[in-house]
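Working notes, structure below.
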Amino acid sequence: MTLLPGEVLLDVGQAIDYVYFPQSGVISLLTMVQPGQFVETCTIGREGAVGLVTGLGSGVSLSRVVVQIAGRALRMRAALLNEILPKTPSLNDIKTRYGEALISQVLQTLACNTLHSVEQRLCRWLLICRDRTESNTVPLTQEALAEMLGVQRTTVTAAARSLQARGLIRYRRGVIECTDVNGLQQTSCECYALMRDTFERLLPYTYEDPPGDRG
């Protein structure tokens with residue numbers, strides 16, 4: 001299936017009928033902080049799946065799941081996957097390890113949102129997005145970034161201008177280009193490296209390039 005920007009795959013409290021396996025694009029898990037206001041707690045791309053963990057537990061989504069960057073995904077019924085897992089130990093093991101990696105990312109993101117500056121968090125998100133898409137170009141508006149980071153649009157604008165002034169990114173309406181990956185890694189908080197290390201440990205071959213290798 002095609003993933004369209006802004007498409008809501010799941011909402012809070014909605015039954016999870018399908019599990020989505022993104023082949024490209026970027027999907028965000030958003031947590032409600034107050035009525036009508038959400039903040040991103042997890043980013044999912046080709047390394048993961050939507051509904052794989054919570055869909056096989058309570059069967060109800062705990063987050064709003066929104067497509068941020070267009071792509072393609074495979075989709076299967078959660079009930080069918082639930083039948084297959086006990087018969088396929090290797091797949092069940094991957095599901096368990098992915099669940100651990102996903103929870104680690106959520107906890108790290110929550111800590112990052114509490115302790116680190118918007119500029120550091122923006123660098124982290126751009127690097128994660130680059131890993132998920134295998135591209136230095138991120139087609140995303142500042143409005144969407146502001147929502148994901150849980151800040152005002154003017155705050156994101158100021159952070160993006162600062163990064164652009166230092167040559168780390170190039171920004172034009174709706175598109176951010178990562179022009180200095182090593183610089184973004186140095187400016188980002190340590191959360192990016194911690195998240196990446198966790199995925200590499202639990203799910204080998206998630207990344208095809210070493211950090212900074214394609215800058």
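The values are calculated or read from the model by the stated rules, or taken from the named source; none is laboratory data. Source: prediction; values computed, not measured. Because the Cβ atoms are built from the backbone with ideal geometry, glycine has one as well, and the counts that use them run over all protein chains shown. Side chains included, ligands, DNA and RNA excluded: accessible areas come from the protein's heavy atoms. Shrake-Rupley method; radii C 1.70, N 1.55, O 1.52, S 1.80 Å.
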Worksheet entry | Cα centroid separation - region 35-99 against region 148-197, whole Å | 27
Worksheet, complete the sentence: In whole Hz, the Karplus estimates of ³J(HN,Hα) for region 110-122 (6.51, -1.76, 1.60; θ = phi - 60°; x where Gly or Pro) are 4, 5, 5, 4, 7, 9, 10, 5, 4, 4, 5, 5, 5
Worksheet item: Rolling a 1.4 angstrom probe over the protein heavy atoms, how many square angstrom per residue are accessible across the chain?
Response: 48
Worksheet item: Are there trypsin sites (Lys or Arg not before Pro) in region 118-167 that DSSP puts in a loop and that have at most 15 other Cβ atoms within 10 Å, and which ones?
Response: R166
Fill in: Highest-fluctuation residue, Q108, Q185, Q14 considered, GNM on the chain with Cα pairs under 10 Å
Q14
Item to complete: Place +1 on the Cβ of every Lys and Arg and -1 on the Cβ of every Asp and Glu in the chain, take the dipole about the Cα centre, and give the residue among Q120, N92, L194 whose Cα lies farthest towards its positive end.
Response: Q120
Worksheet item: When the accessible area of the chain is computed with all protein chains present and a 1.4 Å probe, what percentage of it is carbon and sulfur?
Response: 53
Worksheet entry | Global form of region 1-78, assessed from the alpha-carbon gyration tensor, a/c cut-off 1.5 | oblate
